[in-house]
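Scroll down for the structure; my scribbles are underneath it.
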Amino acid sequence: MTDVKELAARLDEARRDGRAIGMLSASEPGLDVTTAYDVQRAGIELRRRRGERFAGVKMGFTSRAKMIQMGVDDVIWGQLTDRMLVESTAEVSGMIHPRVEPEIVFLIGRDVTRPADVDTAVAGIAVGYEILDSRYADFKFTLTDVIADNASASGFGVGAWHSPRDVANVGMVLEIDGRPVQTGSSAAILGDPVRALRAAARLATEAGIVLRAGDIVLAGAATAAVPLPKDAHVRVTGAGLGSVEVTTR
Ligand code: 0L1
Ligand code: MG
C-alpha cells in the first residue's frame, strides 16, 4: 500500500536539500491521481507545521504550450504558501533546476463559499510570474508525480493590483536581462484565464479548501517556462497591467 506520508517526506526533503530524486511512480504502482493529491496535501501539511500559511492556489498545464512541453493533457493544481511569495529578490541557487513563466494572477476579495460565485469575488488582477522547480531529475515526471510534487510550485511574484477587468487576451512578455525570451497572450490560459479561476474554485472546494479574502490564484502560464539562472534580472509585462520584476541570486 502507498505510504502517503513517506512519499511527501521524500519530496519535502528533496526540495529542502535542493537535490533531485527519481519519480515516485517508478516504485509506486498505486500512485493514482487521488493518491497523488493526498501526497501533495501531506507535503503542504509538513510546511504548515513549520509555520507556513496557505496563500492560494496555482493552476498548471493550462496552456497548450505547457501541455506540449510536458507531454500531458490535463489541468492540475497545487497550493501556494506565504513563504513562496517572492518580493524583489528570488533565492534560486538552492533550487534544483528552476524555471520561470509569466502568469495572470487573481486576488480573491471575499470568501468563495460557492465556486459559482468566484467571478464576482475577484478584487484584483495583476501580472505575475511563477518559479517552477521540479523535485524530479531532469524535470521529467508523469501526471501523478507532478501532482504529488505540488505541481512544481516553488515561488511566485505579483505586480501591482488592478481593478477586475477582461483579461482574455493580454499580450505578455517575459524578459531576462533585458532580452525578450518569451512572448504570448493570456488567451493561452484555457482561452481565457477566468476559466482557470473557475477551475481553481471548483477544485479547491472539492478538496475542502475555501478560497478566502486575500488568497491568490495563479491562473497559469501565457508561454512556455524558461530556465531561470542566478544573478539574472527578470521582468514580466502584461499589456495594460504593468510589469513585475525580480532579481535572482
Ligand atoms: O504551472 C504550470 O503550468 C506547471 C505545472 C507543473 C509542471 C511543470 O513543472 O512545468
Ligand atoms: Mg504556472
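In nm, to one decimal, how far is the modelled label at ALA213 from the one at LYS140, with both set 7 Å along Cα→Cβ?
Result for the modelled spin labels: 4.9 nm.
What percent does the relative contact order of the stretch 55-149 come to when contacts are Cα pairs within less than 8 Å and at least six residues apart?
24
So what is the 222 nm mean residue ellipticity for the chain from helices alone, if each DSSP H run of at least 4 adds -39500 (n - 2.57) and you divide by all residues, rounding to the nearest 500 deg cm²/dmol?
The helix contribution divided over the chain gives -7000 deg cm²/dmol.
Over the chain, what relative contact order in percent results from Cα pairs under 8 Å that are six or more residues apart?
It comes to 27 percent, rounded to a whole number.
In a shell of Cβ-Cβ distance under 13 Å around ILE125, excluding ILE125 itself, what net charge do Lys and Arg (+1) and Asp and Glu (-1) give?
Net of charged neighbours comes to -3.
Using the Kirkwood radius over C-alpha pairs as Rh, can you work out the diffusion coefficient of the chain via Stokes-Einstein at 10 °C, viscosity 1.306 mPa s, in µm² per second?
Stokes-Einstein gives a translational diffusion coefficient of 89 µm²/s.
What is the sum of charges, Lys and Arg at +1 and Asp and Glu at -1, for the other residues whose Cβ falls under 12 Å from the Cβ of SER243?
So the surrounding residues net to -1.
Taking the square root of 5 times each eigenvalue of the Cα gyration tensor, what semi-axes in Å does the equivalent ellipsoid of the stretch 1-132 have, largest first?
26, 19, 18
Computed from the coordinates by the stated procedures, all read-outs in this text should not be read as laboratory data. Just so we're clear, the structure is a prediction, and the values are computed from it rather than from any experiment. All Cβ positions, even for glycine, are placed from backbone atoms using ideal geometry, and neighbour counts span all protein chains on display.
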